[in-house]
Amino acid sequence: MILISELNHTFKIGKKGQEKDIPVLRNVNLDVAKGEIVAILGKSGSGKSTLLNLLAGFMTPESGSIQVNGEELVGKTETEKANFRLQNYGFIFQSFQLMPGLTAFENIELPLKLQGVGKQQRMIRVKELLQQVGLTDVSDHYPNELSGGQQQRVSIARALIGRPSILLADEPTGSLDSETEQEILQLIQLLNHHYGITFVIITHDEEVARTAHRQYRMHDGAIQEEMHYVS
Amino acid sequence: MLAKDQREFISQHMKRNKLRVFMTILAAAMGCAFLIILASVGFGLHKTIQDEVLSNRIVTEIELAGKEGADERVTPEEVDAIRKMEHVKTVVERVMVPGSATVKLGEKEGYGELVYTDLAAEQLANLALDSGKMPASSEEVIVGYQFANSFLTEEQYKEIEAADDYLAKETELAQAIRDKLVGQTITVDVVDYETNEVRATQTYTISGIAKKPGRDWYYDQKIYADTSKSSEVLAAFDIEAPDRSITVHATDFQYVEDLTNSLKDQGFYVYSVTEELGEMNMLFTAIQIGLVIVGTVAVLIASIGIFNTMTMAVTERTREIGIMKAIGAPPSLIQRLFLLESTLIGLIGTVIAVAVSYALSFVVNIVVPIIVFGSINEEAPTDMTITVSYIPWQLVLIAAVISVGVAVLSGWRPARKATSIDVIQALKEF
Ligand SMILES: Nc1ncnc2c1ncn2[C@@H]1O[C@H](COP(=O)(O)OP(=O)(O)O)[C@@H](O)[C@H]1O
Ligand SMILES: [Mg+2]
């Protein structure tokens, strides 16, 4: 499903002419099978988000290969990557990243609009999903009228609505209290179990990582699979 | 994204910034309206003068003054050839006599302007009858509508001068004479311009009266006689080759220009209304282009507003654009949404501008003549309509293309900027 091999990335900082190289990813290899929940653990600054951003196609790696659903992402144009994301990925962000001017309903609806799905179909699918994530009552609320847990549910629903095969989550529970965190983790497991959706979850929290089938640990840009957890 | 959803998306965005969008539309509308109004004055004056020129003339007429060559005369063969040309309705040839006509109508004495012509051709060209019928022989003539006026007596003139509405009085008294004209016999003395002696005398029966001329101030006092009757007079004057006035009549105004040019190419000296219009049109086109350019500057100033608004919109929505791109909106869609927004601003501005311009133009056309004629204490000539501002559809089209084009161009850079927003940066800021 996902096969990352020999991925390297270096950031350049500073003024032109006197740039400094900051190597962030070194020979990263990672594979994720269909229907798996994989967690990527690591301290802050270890390069987890960079890895996810590369996997998402938000930026281009220095070298290496990223294969997803049989397609090579490295070398695709912006438009191709956008279309790839629209068809294959759902995103869950730590800070939810909901559109402030749109209601919960409209936020969830957005990917369907981008996919060109007609209004009637959209209504049916959004309503159904709202029910599943327990947001029917607040569907016409704007993000600032929702609690953190509700906002994350909206963002999960938005990630799911386009029926992606892979969900990428960067610190999905980072902004939530432990009780809400448990709810969200349960929801992730439920979705994985019911729909066979593949999850790549980035976290610095061992507790969160434990819900995954497998864990990778990053340290200073290098990655290694953890063998001792039993889920 | 479906077109319908794109529209909804844009209108949602515009509603969130009502005041700013409104001000931008206002600026765009003012720029475009300024352009239209300014240029419309150029078009209005053009129209006024053009109408004036056209209404004073038989516009399908081309005067033939002569032909390149030794004696500069047009031969009868050449006239026949012209008559056979395409889009030529007829050619009217009038023989000129160097004398004036004193006319006796029973006891009364008057005058007329003798014209020897081909009455069939005249009729085909534009001679229409008010009453009576066309001459059946060369002994009969048609007289002009105001021919009767020359027979008003001294007493009748006193009566006219005494009347409140002397024009109406004159018309009334002349009508009485005119009513009895058809069928009467007139004796025409042809008087030499120079020596004032009578060179020839001819007698005619009036068979019909020509229609009243279109312009009030023009008096038609002609006596239209057959060309064959001219030989006797010409002999008396000892003229072998008389001056002729030759006019070519086109079947329609649209052919006048082509006909004029083709006659010119054949070496004829010609004059038609298109000659005059041609020079005038060129001048006015130059004026109109100048006004459109000045107006465009106003549109360009308004475009700064659109540029500003769109740039701010992009900056404000950086995060939203980041989210859109993250979940899979292609750069082309982002660009299109912003371009559509600036285009819509330009379009709404243009529609408002066109409506306002038409309204303003309407008001100006009523108010300005009142001010002008009111202030110089003159009454507006009743038969002259003054168009101060005229908005032809071409002007609307030009203005719309310019303002919408400028709106699109000024929205271009902001839209490009939106597509180049970095997803990671945009999402990190919050
Ligand atoms: N745009 C950037 N420019 C320069 N350095 C960056 C940039 N983004 C991240 N980094 C650096 O890369 C390293 C890894 O960052 P990140 O992937 O965000 O780590 P994590 O998500 O594990 O906390 C950090 O040292 C960070 O300072
Ligand atoms: Mg991170």
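The values are calculated or read from the model by the stated rules, or taken from the named source; none is laboratory data. Nothing here was measured: the structure is a model prediction, and the numbers come from that model. Neighbour counts run over all protein chains shown; Cβ positions are idealised from the backbone, glycine included. What goes into the accessible areas is simple: the full protein's heavy atoms, side chains included, and nothing from ligands, DNA or RNA. Shrake-Rupley method; radii C 1.70, N 1.55, O 1.52, S 1.80 Å.
Inside 10 Å of the C-beta atoms of A:53-64, what's the mean count of C-beta atoms belonging to other chains?
Per-residue shielding by partner chains comes out at 2.
What's the percent breakdown of Cα-Cα distances in region B:88-250 across 10 Å bins, shortest bin first?
Calculated P(r), rounded to whole percents: 10, 38, 35, 15, 2, 0.
When Cβ neighbours within 10 Å are restricted to other protein chains, what is their mean count per residue of peptide B:147-158?
Mean shielding count: 0.
How big is the Cα convex hull of region A:133-200 in projection, averaged over all directions, in nm²?
4.6 nm²
Once the convex hull of the C-alpha atoms of the protein assembly as shown is built, how many Å³ does it hold per residue, rounded to a whole number?
278 Å³
About the Cα centre of region B:88-250, how large is the charge dipole given +1 on each Lys and Arg Cβ and -1 on each Asp and Glu Cβ? Please answer in debye to the nearest 20.
In total the dipole reaches around 620 debye.
Rounded to the nearest 100 Å², what is the sum over both chains of accessible area buried where B meets A, with a probe of 1.4 Å?
Details: alone 23250 and 11640 Å², together 32630 Å².
It comes to approximately 2300 Å² buried between B and A.
Where the accessible area of chain B is counted over protein heavy atoms with a 1.4 Å probe, how much of it, in %, is carbon and sulfur?
59 percent
So between A:PHE11 and A:THR136, what do we pick up on full extension, going 0.36 nm a residue minus the alpha carbon distance?
40.6 nm
With contacts defined as alpha carbon pairs under 8 Å and 6 or more residues apart, what's the relative contact order of region A:49-201 in percent?
Numbers: 189 pairs, mean separation 43.6, N = 153.
Relative contact order for region A:49-201 comes out at 29 percent.
Quick check on chain A: helices-only [θ] at 222 nm, where DSSP H runs of length 4 and up contribute -39,500 (n - 2.57) each and the sum goes over total residues. Nearest 500, please.
-11000 deg cm²/dmol
Out of B:ALA163, B:ALA355, B:ALA200, any idea which swings most in a Gaussian network model of chain B, alpha carbons joined below 10 Å?
B:ALA163
If each DSSP helix of 4+ residues adds -39,500 (n - 2.57) and the sum is divided by the residues in chain B, what number results at 222 nm, nearest 500 deg cm²/dmol?
-19000 deg cm²/dmol
Using a 10 angstrom cutoff on alpha carbons, build the Gaussian network for chain B and name the most mobile of B:TYR145, B:TYR157, B:TYR219.
Highest fluctuation of the listed residues: B:TYR157.
Given charges of +1 on the Cβ of Lys and Arg and -1 on the Cβ of Asp and Glu, with all other atoms neutral, how large is the dipole of the protein assembly as shown about its Cα centre, in debye to the nearest 20? Spell out each step's value before the answer.
On the way: 59 positive and 85 negative charges, 1027 e Å.
My answer is approximately 4940 debye.
Using the membrane-span-like helix rule (whole DSSP H runs, Cα extent along the own axis of at least 27 Å, mean Kyte-Doolittle hydropathy at least 0.5), which helices of chain B qualify?
B:18-55, B:273-316, B:331-375, B:393-419
If the only charges are +1 at each Lys and Arg Cβ and -1 at each Asp and Glu Cβ, what is the size of the charge dipole of region A:75-231 around the Cα centre, to the nearest 20 debye?
900 debye
Probe of 1.4 angstrom, ligands and nucleic acids ignored: what's the accessible area per residue over the protein assembly as shown, in square angstrom? Please report the intermediate quantities before stating the final value.
Values: 32630 Å² over 661 residues.
Computed with neighbouring chains in place, this is 49 Å² per residue.
Quantify, in whole percent, the carbon and sulfur part of the accessible surface of region A:130-201 (1.4 Å probe; protein heavy atoms only).
42 percent
Greater than 28 Å separation of Cα atoms is the criterion. Which listed pairs, B:LYS4/B:LYS325; B:LYS229/B:LYS264; B:LYS89/B:LYS169, meet it?
Those over the limit are B:LYS229/B:LYS264; B:LYS89/B:LYS169.
To the nearest whole number, what is the average tally of beta carbon atoms from other chains within 10 Å of the beta carbons of peptide B:3-13? Could you put the intermediate results ahead of the total?
Details: counts 1, 3, 10, 1, 0, 3, 3, 0, 0, 3, 1.
Mean inter-chain Cβ contacts per residue within 10 Å come to 2.
Roughly what percent of Cα-Cα pairs across region A:97-231 reach past 23 Å?
Percent of Cα pairs beyond 23 Å in region A:97-231: 37.
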